[in-house]
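Accompanying notes for the structure given below.
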């Protein structure tokens with residue numbers, strides 16, 4: 001059964017639209033300073049301090065095979081909890097929340113939103129990071145726990 005009747009968060013990366021199921025998204029915040037995390041898996045851009053919680057930032061461009069892009073003040077972080085593990089995904093910009101219904105994107109079983117002006121693949125947050133990568137990140141983050149006591153990074 002497809003994700004019919006669910007809301008999606010649409011966002012843009014490299015001029016292309018994608019979505020996450022809204023139920024998987026905790027919040028959207030403007031990008032802050034991302035701190036590199038030594039020995040982190042390649043798909044991890046770094047970590048951010050989000051109100052005292054160290055959250056890994058996933059490099060979605062790398063995962064999608066797109067060209068790297070420097071951080072811009074207009075970027076957003078889509079923050080989610082997957083299996084009680086916090087993740088942030090840097091996107092070029094969040095476009096908004098859409099409901100599956102009349103006049104809104106229709107979500108098919110293939111996880112693609114059919115919009116009035118095109119298609120938007122709905123990405124699976126759980127598939128962005130493997131269980132091995134989550135374990136590695138959890139261990140690395142536990143070693144950086146003292147950073148959580150520092151003030152949140154500012155732009």
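Of everything in segment 1-35, what is in a loop (DSSP other than H, G, I, E, B) and at pLDDT below 90? Give them in sequence order.
In the first step, residues of segment 1-35 are kept if they are in a loop (DSSP other than H, G, I, E, B); the result is 1-6, 14-15, 31-34.
Listed by number, the residues that qualify are 1, 2, 3, 4, 5, 6.
Hey, any hits in segment 49-61 for a residue that's within 15 Å of the chain's Cα centre (by Cα), assigned to a loop (DSSP other than H, G, I, E, B) and closer than 25 Å to residue 136 by Cβ?
yes
Quick one: which of 34, 71, 122 is buried (at least 18 other Cβ atoms within 10 Å of the Cβ), over 18 Å from residue 7 (Cβ atoms) and over 11 Å from the mean Cα position of the chain (by Cα)?
Of the residues listed, the single one that is buried (at least 18 other Cβ atoms within 10 Å of the Cβ), over 18 Å from residue 7 (Cβ atoms) and over 11 Å from the mean Cα position of the chain (by Cα) is 34.
Looking at segment 125-145, which of the residues that are in contact (Cβ under 8 Å) with a residue 12 or more places away in the chain and in a loop (DSSP other than H, G, I, E, B) is surrounded by the fewest Cβ atoms within 10 Å (Cβ to Cβ)?
Here the residue is 144.
Restricting attention to segment 43-68, which residues are surrounded by fewer than 19 Cβ atoms within 10 Å (Cβ to Cβ), farther than 20 Å from residue 12 by Cβ and touching a helix residue (DSSP H, G or I) at 6+ places or on another chain (Cβ under 7 Å)?
The answer is 52, 53.
The values are calculated or read from the model by the stated rules, or taken from the named source; none is laboratory data. In this text the structure is predicted, and so the values were computed from the model without any measurement. Ideal geometry is used to build each Cβ from the backbone, glycine not excepted, and the neighbour counts take in all protein chains shown.
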